[in-house]
Amino acid sequence: NDANCVWVDGPIIVGAGPSGLATSACLTQQAVPSLILEKSDCLASLWQLRTYDRLKLHLPKQFCELPLLGFPHNFPKYPNKHQFISYLESYAGHFSIQPRFNQAVQSADYDHILGFWRVKTQDSEYISRWLIAATGENAEPVIPDIPGINKFNGSVVHTSSYKSGSEFKNQRVLVIGCGNSGMEVSLDLCRYNAIPHMVVRNTVHVLPREMFGFSTFGIAMALIKWFPLWLVDKFLLLVANFILGNTDQVGLRRPKTGPIELKNVTGKTPVLDVGALSQIKSGEIKVLEGVKEITGNGAKFMDGQEKEIDSIILATGYKSNVPTWLKGCDFFNKDGMPKTPFPNGWKAEKGLYTVGFTRRGLLGTASDAVKIARDIAQQWRPNDSCSNSHVILLKET
């Protein structure tokens, strides 16, 4: 492995999703080079490989654009998956970002003696003064431990492998999880004559995607500038109840904490309804309380019901994978999220930065990327960057 020791002049960025691309573009604007290492063979692999066909952005496009380059004008208000991917590809092209693909980072350590980061992939070692973790909060699927699931005779898939309801025609499908994915997958299953049974273990805020023709998120962002958080939450819930009715009556109990406050504190996103709720009301999507155990051909529920089931879809979300590769660093907690809350979680010590861990979607990513690029640009002096003699020294240590 010694032969493949690569000195990187600017920062090393781990991950070529929106976070890595945004940071690289902002660095380029500051005339700082960077190198993105990406484990898969494409940009935004989560979007390209692990999303269902019908996926659209949940927020209007102006809240989802990356710094320095907006969406094309002809894009709809809520771009679909393919439009978003094409935007990311043209974004990378515009800033001449060329990630090194198929470079899965196995470990990243800070070398205290030399004062550099050593980043090892399966075939090379990269060395730099700066390391930017851009793998984000949605790097790995969360697979819960459900009693009896190994006994189940049907198929079990995580939403990261789900493409469309066409594979589940006329089946009774148990959807575990009631976030945006669980709701949308259930809705998609209805369109293919499947019978979704959605498991709602916890409380959940369901809000209409739009209120009075404006995006709910946009209204919330505007109001929060003028009014206290609790009042904005109260207003959103008042309007939601007016538009959607009382969701408790269909088995979707609301949390005591308001939707925006809950999102800020726990990162749990409210569900923006795109049609699932009316299917729940009409009984097309059946809501169930909690799974007690899975059997060979069905499930037993906490309330004593038993149902026969053909397939199970885990809409159980994603988690960060930082703890698996970033070594000897206590900036992140055991869940792989920065211990320092937003808006200060973007900068750690010794040249380590994080982007895409704000729990505030692409808006949070954009704000992190701008700050990181400014911060590194202030330290950047290309002339005192290391010569090759340094790399030889590093190889020998």
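A few comments on the model shown:
- Signed unit charges on C-beta, dipole axis of the chain, positive-most listed residue Pro341, Val119, Leu238: Leu238
- Using the Cβ-Cβ distance between His73 and Ser282 with R0 = 41 Å, the FRET efficiency computed as 1/(1 + (r/R0)^6) comes to roughly 0.60.
- Once the chain from Thr203 to Glu293 is taken as fully extended at 0.36 nm per residue, the excess over their C-alpha distance is 30.4 nm.
- Potential extension, Lys256-Lys151 segment - 0.36 nm per residue separation minus Cα distance: 34.1 nm
- The chain - charge dipole about Cα centre, Lys and Arg +1 at Cβ, Asp and Glu -1, debye rounded to 20: 840
- Positive dipole terminus of the range 142-314, leading residue within Val271, Phe214, Thr247 (C-beta point charges): Phe214
- For the pair the range 296-343 and the range 214-274, the centres of their Cα atoms are 24 angstrom apart.
- Diffusion coefficient, µm² s⁻¹, Stokes-Einstein with Kirkwood Rh over alpha-carbon pairs of the range 142-314 at 10 °C and 1.306 mPa s: 94
- Approximating the spin labels as points 7 Å out from Cα along Cα→Cβ, the Thr266-to-Asn344 distance works out to 2.6 nm.
- Whichever lysines have a C-alpha closer than 29 Å to that of Lys292, once near sequence neighbours (fewer than 8 apart) are set aside: Lys151, Lys163, Lys169, Lys256, Lys263, Lys268, Lys281, Lys300, Lys307, Lys319, Lys334
- Top of His205, His94, His112 by mean-square fluctuation, Gaussian network on the chain, Cα under 10 Å: His112
- Applying the criteria of a DSSP loop state and at most 15 other Cβ atoms within 10 Å to the GluC sites (Glu not before Pro) of the range 302-363 yields Glu349.
- Among 156-162, 184-190, sorting by the average number of other beta carbon atoms lying within 10 angstrom of each residue, highest first, gives 184-190, 156-162.
- The range 73-99 and the range 179-197 have their alpha-carbon centroids 28 Å apart.
- Under the convention that each Lys and Arg Cβ holds +1 and each Asp and Glu Cβ holds -1, the size of the dipole of the range 142-314 around its Cα centre is about 220 debye.
- Taken over the chain, the convex hull of the Cα atoms encloses 154 Å³ per residue.
- Were the residues from Asp41 through Lys327 laid out at 0.36 nm apart, the gain over their Cα-Cα distance would be 100.5 nm.
- With contacts taken as Cα pairs under 8 Å and at least 6 residues apart, the range 142-314 reaches a relative contact order of 36 percent.
- Fraction of beta bridges assigned by DSSP in the range 127-271 that are antiparallel (%, nearest 5): 25
- In this label model, Ala377 and Asp303 are separated by 5.7 nm, measuring between points 7 Å along each Cα→Cβ vector.
The numbers here are math on the coordinates, done by the rules we state, and not lab data. Note that the structure is predicted; figures quoted are calculated from it, not measured. Positions of Cβ are generated from backbone atoms using ideal geometry, with glycine treated the same way; all protein chains shown enter the neighbour counts.
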